[in-house]
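The values are calculated or read from the model by the stated rules, or taken from the named source; none is laboratory data. Every value quoted in this text rests on a predicted model; they were computed, and no experiment measured them. Note: ideal-geometry Cβ built from the backbone for every residue, glycine included; neighbour counts use all protein chains shown. Protein only, heavy atoms only, side chains kept; ligands, DNA and RNA dropped before computing areas. Shrake-Rupley method; radii C 1.70, N 1.55, O 1.52, S 1.80 Å.
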Amino acid sequence: MKRIGMLTSGGDCQALNAAMRGVVKSLLNSGQDVEIYGFLNGYRGLIYGDFKMLTGRDFSGILTVGGTILGSSRTPFKTIKDPDENGLDKVEAMKQNYYKLQLDCLVVLGGNGTHKTANLLREEGLNVVTLPKTIDNDLYGTDMTFGFQSAVDIATNCIDCIHTTAASHGRIFIVEVMGHKVGYLTLNAGMAGGADIILIPEIPYDIDKIVEAVKQREKNGSKFTIIAVAEGAISKEDAKLSKKEYQKKLEKSKYPSVSYEVAAQIYEKTGQEVRVTVPGHTQRGGSPCPYDRVFASRLGAEAGKLILKGEYGFMVGYRNREIVKVPLEDVAGKLKMLDPDSTIIKEAKMLGISFGD
């Protein structure tokens, strides 16, 4: 008998259900007797013992369903060792609930913060296997995360829709894409949607270079410009500030986000109308695309194999087109940034895309 605990932590995304389904189906199809305990709302469920027993039927028909049947929440790693408002030791509580249920393994699906806590639990002696979830694709140790491609599809569709109205009205349009720290999503959606300018956190922009690119398009006969902007895009001036100084600037800013600031600066320098579109959480919602359904299912199946073999302390990742196991200690606390000198950036520039640098 294998007793497995499962939880989904952090922001939701497409294919969480598909990945859990992959784990469970691979275990059940092995002929092994399995008990599955689903912890509700992320680590919070593990801390407070909020769980429900699940069977194979619970994972039937969820391959195409977005979100997570277990619910999710954010439990910041930086406060995980702090007692809760009632003085409860959260780490000790998670361990006690694990042992109380006599679990053989805890399966954790999440992104960067989730993996920090998962690695902490591994260090505390729990058997843990993780799966890489995030629309940002910024998790270290894997070339791809599930949810990313679905989010790219949604953001790309938004840019596609903006293209037609931008061409009709001859305006400058900014589409703000999710991504506070890394630019994989904005870069891929921008390239797929034919954006003319792409602004990402890894390449600080110069507003004059952006204006120059807009004016050059006008000279070439283009009446509109599409700009894809990551939430975390930053100017060269702001990039020189310390984190504290930049945070203070944001708190005092009259703009809701960087996209509106860029729009105002372009208008000030050119007199041209600029419209901002923010698809927001739609990028994390809806049904997973076919790629993510297959990818998440494969990751889940491999996680099941690790559990059956008793190989714990790993994230199931994807490298060089192969599913691999990556030690959790190699993943936790590391962010996979987009290299400004990568071939995809160079190729985008060859296509005439400006990064405002």
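Residues that are buried (at least 20 other Cβ atoms within 10 Å of the Cβ) and either modelled with pLDDT under 95 or not acidic (Asp, Glu) (or both) within the range 192-210 comprise Gly193, Ala195, Ile197, Ile198, Leu199, Ile200, Pro201, Ile203, Tyr205, Ile210, listed in sequence order.
Going by the structure shown, is Ala228 in contact with a Ser or Thr (Cβ under 8 Å, 6 or more places away or on another chain), at negative phi and surrounded by 12 or more Cβ atoms within 10 Å (Cβ to Cβ)?
Spelling it out, Ala228 is indeed in contact with a Ser or Thr (Cβ under 8 Å, 6 or more places away or on another chain), at negative phi and surrounded by 12 or more Cβ atoms within 10 Å (Cβ to Cβ).
For the range 299-328, how many residues meet the condition of being assigned to a strand (DSSP E or B) and hydrophobic (A, V, I, L, M, F, W, C)? Step through it out loud before you land on a result.
From the range 299-328, those assigned to a strand (DSSP E or B) are 314-319, 322-327; that's our starting set.
Next, from what is left, pick out any that are hydrophobic (A, V, I, L, M, F, W, C): 314-316, 323-324, 326.
Total satisfying the criteria: 6.
The number of residues in the range 80-107 being of a type in the set (A, V, I, L, M, F, W, C), under 28 Å from the mean Cα position of the chain (by Cα) and outside any helix (DSSP H, G or I) comes to 4.
Against the list (1) more than 21 Å from Ala230 (Cα to Cα); (2) open to solvent by less than 10 Å² (accessible area, probe 1.4 Å), the condition Gln96 fails is (2).
Quick one: in the range 5-36, of everything that is assigned to a strand (DSSP E or B) and over 23 Å from Thr134 (Cα atoms), which residue is nearest to the chain's Cα centre (by Cα)? Among residues in the range 5-36 that are assigned to a strand (DSSP E or B) and over 23 Å from Thr134 (Cα atoms), the one nearest to the chain's Cα centre (by Cα) is Ile36. Against the numbered list (1) open to solvent by less than 30 Å² (accessible area, probe 1.4 Å); (2) part of a strand (DSSP E or B); (3) touching a helix residue (DSSP H, G or I) at 6+ places or on another chain (Cβ under 7 Å), Ala296 comes up short only at (2).
Scanning the range 146-175 for residues that are touching a residue at least 60 places away in the same chain (Cβ under 8 Å) and either outside any helix (DSSP H, G or I) or on the phi > 0 side of the Ramachandran plot (or both) yields a count of 7. Of the residues making up the range 342-357, those that are outside any loop (DSSP other than H, G, I, E, B) and either farther than 17 Å from Val214 by Cβ or in contact (Cβ under 8 Å) with a residue 24 or more places away in the chain (or both) number 8.
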